[in-house]
Amino acid sequence: MAKTLKEQTVSALFWNFMDKGGQQIFQFVFIFILARLLSPDEFGLIAVLTIFVTVANLLQESGFSSALIRKSDVDETDYASIFYFNVSISIVIYILFFLFAPVIANFYNRPELQNLSRFLFLAFFFNALGVVQNVHLVREMNFRVNTQVSLISVVVSGIIAIGMAYKGYGVWSLAVQQVVQAFLRSLLLWLFVRWYPKVSFSFERIRSMFSYSGKLLLNSLFNQIIANIYALVIGKRFSFSDAGLYSQARKLNEIPQSVIASTLQGVAFPLLNNFGDDLKRKKRAFRKIVRIVSFICFPIAILTIVAAEPIVLVVLQEKFRGVIPLLRILVIGGSVVPLFYLLSSLLQSLGKSGLLLTIEFIRNVLSILIILITINYGVNAVVMGASFTLVVSFFIGYYIAGKTIDYKIVEVFRDIYPYVLIAMISYLPLYFLSFLINSMLLLVIFQALIGTVIYLALLKVLGSKVMDDFIRIVRRKPLS
């Protein structure tokens, strides 16, 4: 029996959560192990190259995945044309990057980056081979297979990286991890989906979709360049060890926020879309979603600030102690990232996706200005600037987007500040447990458990209904 749309959506939500959550859990485990085998400098070498791989992935994909998913009358010619385009562009980009590798090595005055980058750049070529197969799964809402493919490739590549690091291959273990993950993911997509290009390339099909995909490409390029430029700047202006410390702080910060953002963002759009043009009901529902995300994000952020030392020392060990202050700074800005991403769902439901491009453009320009200002004041200043940019962009975004549903900034404050305040009351005093408990592992466990119990108890005493709304949104019930 065919699944209903509701059943498909619930299944998609579950498997999307399993995909994002599972990947983050395994990545956390691999970080835990690899940090004991590798140095901050080695992590830094990979961190400064990440921006090149990310940009190459975006260029070869060029937004056509979204165009194919969005197109209602897609056929084999569309699929084949995008496949040939992606593979051809990835080959051209790889050749250019291969030739550009000595420039990268000279720029950083690290000769080993030449061969390392040439090998690492193979990852985006392998990614290009599986783009169309991935689109097939998304169009069919077959997130179960997508999850299986993702987790298998993450686990196998991670195990290989650990084995190589243990054998003394150093930074090459991290490069192999990325390349093998990309190769395995594309290979498994071909095995599971079994789609093969059967027709010839049509430039007209590419041209017709580029009017839509081109805008996504420019926006994604700008966003990803800004997101990854901090490691590049830190590696050049300061040291690769500093870049490695920053990359680890960023990973620890992004693990919870990425799971929350990707999961709830996927649910928010269909929920808001159900209200059609009824802006009053859409506003009420959106405010409830904002409160739900705040209920989850801010206690995690405050706990991370309080328990940053035991978290870092348990996960990364003493040689990564420099991650502690960077993590505490990044968490402040990271706490509002899932809320910022909710704007995408709101504006899409209103048919105003162009407004989101404006908001993100403002954020990216602000990021560049802040980097230029802070770069002369040390690594901590650069990271503070990154966190400050996220917070300011959050309020700018809600001010601009809020006008579409008459959601005023003062209302945004009212919706989020109770959870910030209660989280601070619940977790901040637990910092002093560090004077009573010597074991870092026990310390973070007690801080998390005690703080969470106090947090939930205070919400219950104060009569908060956010838990009821959270259960309703997970069960796909309407928000009145």
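The values are calculated or read from the model by the stated rules, or taken from the named source; none is laboratory data. Bear in mind that the values here come from a model prediction, so they are computed numbers and not experimental data. Counting neighbours? That spans all protein chains shown, and the Cβs are built from the backbone with ideal geometry, glycine included.
One table, with the values for the structure above:
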quantity: Residue in segment 274-284 that is modelled with pLDDT under 85, buried (at least 20 other Cβ atoms within 10 Å of the Cβ) and part of a helix (DSSP H, G or I) present; calculated: yes
quantity: Neighbours by Cβ (under 7 Å, 6+ apart or cross-chain): first from segment 26-41, within 23 Å of Phe238 (Cα to Cα) and at pLDDT 90 or above; second assigned to a helix (DSSP H, G or I) and aromatic (Phe, Trp, Tyr); calculated: Pro40/Phe320; Asp41/Phe240
quantity: Residue satisfying condition, being in the same structural domain as Gln177 (by TED's automatic domain parsing), at pLDDT below 70 and outside any helix (DSSP H, G or I), within set Ala2, Ala12; calculated: Ala2
quantity: Within segment 154-164, tally of residues that are within 22 Å of the chain's Cα centre (by Cα) and surrounded by fewer than 18 Cβ atoms within 10 Å (Cβ to Cβ); calculated: 2
quantity: Scan of segment 165-175 for residues that are within 19 Å of Phe26 (Cβ to Cβ) and surrounded by fewer than 20 Cβ atoms within 10 Å (Cβ to Cβ), ordered by number; calculated: Tyr166
quantity: Matching residues, segment 401-459, being touching a residue at least 24 places away in the same chain (Cβ under 8 Å), of a type in the set (D, E, K, R) and in a helix (DSSP H, G or I); calculated: Glu411, Asp415
quantity: Within segment 333-363, considering residues that are part of a loop (DSSP other than H, G, I, E, B) and of a type in the set (A, V, I, L, M, F, W, C), the one surrounded by the most Cβ atoms within 10 Å (Cβ to Cβ); calculated: Val336
quantity: Meets criteria (out of contact with any Lys or Arg (no Cβ under 9 Å at 6 or more places or on another chain) and within 24 Å of Ile89 (Cα to Cα)) for Phe201; calculated: yes
quantity: Subset of segment 90-116 [touching a residue at least 60 places away in the same chain (Cβ under 8 Å) and part of a helix (DSSP H, G or I)]; calculated: Phe107, Tyr108, Leu113, Leu116
